[in-house]
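Written out below as C-alpha cells is the structure these notes cover.
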Amino acid sequence: MQNTTTLNLFSFNCRRVDYLKVFKCKICQEGYLGDAPPTHCPFCGAHQQYMIEARDFELQEYTLTDVSRRNLEEALNLEVSNAEFYFCAADRADNVADATMFMRLGKVESEHASTIVKELRKQSPDIIRDKNMCSNMNLDNLEESNQRETNAIRHYTRFLGEATEERIKEIFKAIIEIEKDHLSLTDGRF
C-alpha cells in the first residue's frame, strides 16, 4: 500500500483575500502587495498616508535648490552614520528583542539613505555593517540611539523649514514622523 498525503487547500484557516492591490510608498518609492495599505511602509517606515495605489503614483519634476541639496547631503551623512551604528548595535545587543530592533532600524536608516540619493541623483554610498562605532554595553547603545534620533529630528525639522520644493518638504516631514517613531522605542529605557 502506498502512503499518500492529501492536501485540502480549503482546510487552512486563512483570511480570504479577494484580490491583491499594488501599493507604492510616496517616500522611498518601494512597492507593497496587499489587499490594503500597511500601517507603515515595510521598507522606510513612512506612515500609511504615504502608501498609495501604484496606479496613482506620480512624481512631479522639480529643480533642487542649493540649500536643499546641501541639506540632503547632510541628511545622507546622518542616515549612513545611523545605519552603521545600528548594525553595530545589533551585533552587540544582549537580547534578541534589542538585536532585532537595532537590525530593523539599520535597514530603515539605509532605506532613508537610498531615498535621499534618489533625490540627489547620485550613487549610493557604502554602508559598512561591521564598523566598530558602538558600545559593547546594550544600555549605552539604547541611550545613543535616543540621542541620534533626537539629533536627526532636530536637523530634519530645520531642513523642512528651509525647503521650498514640495517633494523635499514631503520627504523631511515623513522622515521626521518616522524618526519620532524610532525615538519612542528607546524612551525611558536607559
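The values are calculated or read from the model by the stated rules, or taken from the named source; none is laboratory data. Just so it is clear, the model here is predicted, and its values are computed rather than measured. Cβ sites come from the backbone with ideal geometry, for glycine too, and all protein chains shown count toward neighbours. We work out accessible area using only protein heavy atoms, side chains counted, and drop any ligands, DNA or RNA first. Shrake-Rupley method; radii C 1.70, N 1.55, O 1.52, S 1.80 Å.
Each label was represented as a point 7 Å from its Cα along the Cα-to-Cβ direction; for ASP140 and GLU53 these points are 5.3 nm apart. Net charge in the neighbourhood of ASN146 (other residues with Cβ under 14 Å of its Cβ; Lys, Arg +1, Asp, Glu -1) is -4.
Charge dipole (Cα centre; +1 on Lys/Arg Cβ, -1 on Asp/Glu Cβ; no other charges) of the stretch 78-125 amounts to roughly 260 debye.
Computed from Cα atoms, the angle from the helix 96-120 axis to the main principal axis of the chain rounds to 60 degrees. With a Förster radius of 22 Å applied to the C-beta separation of THR39 and LYS180, the computed FRET efficiency comes to 0.90. A 1.4 Å probe run over the stretch 120-186, with the rest of the protein chains in place, finds 55 Å² accessible per residue.
Ordered from highest to lowest accessible area with the whole protein assembly present and a 1.4 Å probe, LEU20, LEU142 read as LEU20, LEU142. Rolling a 1.4 Å probe over the protein heavy atoms leaves VAL108 with an accessible area of roughly 10 Å². Our coupling estimate for the stretch 55-72, obtained by passing each phi through the Karplus curve with A = 6.51, B = -1.76, C = 1.60 and θ = phi - 60°, is 5, 9, 7, 7, 9, 7, 6, 7, 10, 6, 6, 4, 5, 5, 4, 4, 5, 5 Hz, Gly and Pro reported as x.
Take the Cβ atoms of ASP187 and GLU61, set R0 to 30 Å, and the FRET efficiency comes out at 0.15.
The phi-based Karplus calculation (6.51 cos²θ - 1.76 cosθ + 1.60; θ = phi - 60°) puts the 3J(HN,Hα) values of the stretch 35-48 at 7, 8, x, x, 5, 9, 4, x, 9, 9, x, 4, 5, 3 Hz, whole numbers, x for Gly and Pro. Maximal additional length on extending the MET133-GLU74 stretch stands at 19.3 nm, based on 0.36 nm per residue less the C-alpha distance. In the assembled protein chains, MET101 presents an accessible area of approximately 30 Å² (probe radius 1.4 Å).
What is the Cα centroid distance between the stretch 38-66 and the stretch 81-106, reported in whole angstrom? Taking the Cα centre of each part, the stretch 38-66 and the stretch 81-106 sit 26 Å apart. 3J(HN,Hα) along the stretch 21-29: 10, 10, 10, 9, 7, 5, 8, 8, 6 Hz, from the Karplus curve 6.51 cos²θ - 1.76 cosθ + 1.60 with θ = phi - 60°, whole Hz, x for Gly and Pro.
Extension gain for the segment GLU162 to SER124, taken as residue separation times 0.36 nm less the Cα-Cα distance, is 11.3 nm to one decimal.
Taking a sphere under 9 Å around the Cβ of TYR62 and counting the other residues whose Cβ falls inside, with K and R at +1 and D and E at -1, yields a net charge of -2.
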